[in-house]
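*Asks:* Structure below; questions to follow.
Quick note: the coordinates plus some simple rules give every number you see, no bench work behind them. No experiment lies behind these values; they were computed from the predicted model shown.
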Amino acid sequence: MNQNRFYTCLFVATVFLAWSLISLSAQSGTTETTLHDFMEDYTKPASKKAKKGDKAALERILKEVPNFALDEQKGKWKEITDSALASGDLEGSCKSCHKEFKKEYKKNYRKRPIQVPNELISFLKGSK
C-alpha cells in the first residue's frame with residue numbers, strides 16, 4: 001500500500017513539474033507581430049485606460065517599446081519614453097515618437113516583425 005502511495009505521489013509531482021515547465025516556457029518566450037498591430041491591439045487600449053487614470057499598462061509598454069525600434073533608433077526611442085515616464089506625461093511620449101518616426105515606419109516598416117515578450121502580453125491581457 002505504501003509503495004502505491006509513493007508512486008502515486010511521484011506521478012503527481014512529475015505531472016505538476018512538467019506542467020509548470022511548459023507554462024513557464026510559454027510565458028518566457030515571445031510572440032511575433034508588427035509594431036502597428038501591437039499598437040492597435042495593446043497600446044491603444046492602454047492609452048485609453050491611462051486617460052482615465054490607470055497608467056500601469058501604458059507604463060509597462062513604454063518601458064518595453066524601445067526594444068521594438070530599429071537598432072539605430074533605439075537610443076532616441078528610449079530617450080523619449082524615459083522622459084515621459086519621468087514626467088508622467090505618457091501621452092506626450094506617443095506624440096513625440098509619432099511626430100518623429102510614424103511616417104517613416106508607416107512607409108517602410110509597416111510589415112516589419114517585432115518580438116513581444118509573452119510576459120508583457122499576459123500582463124496587458126490581464127489588465128484589460
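*Asks:* P(r) tail for region 31-126, what percent of Cα pairs lie past 15 Å?
*Replies:* 59 percent
*Asks:* Long-range amide H contacts for THR30: which residues qualify at under 5 Å (H placed 1.01 Å from N, peptide plane, sequence gap of 5 or more or a different chain)?
*Replies:* ASN118
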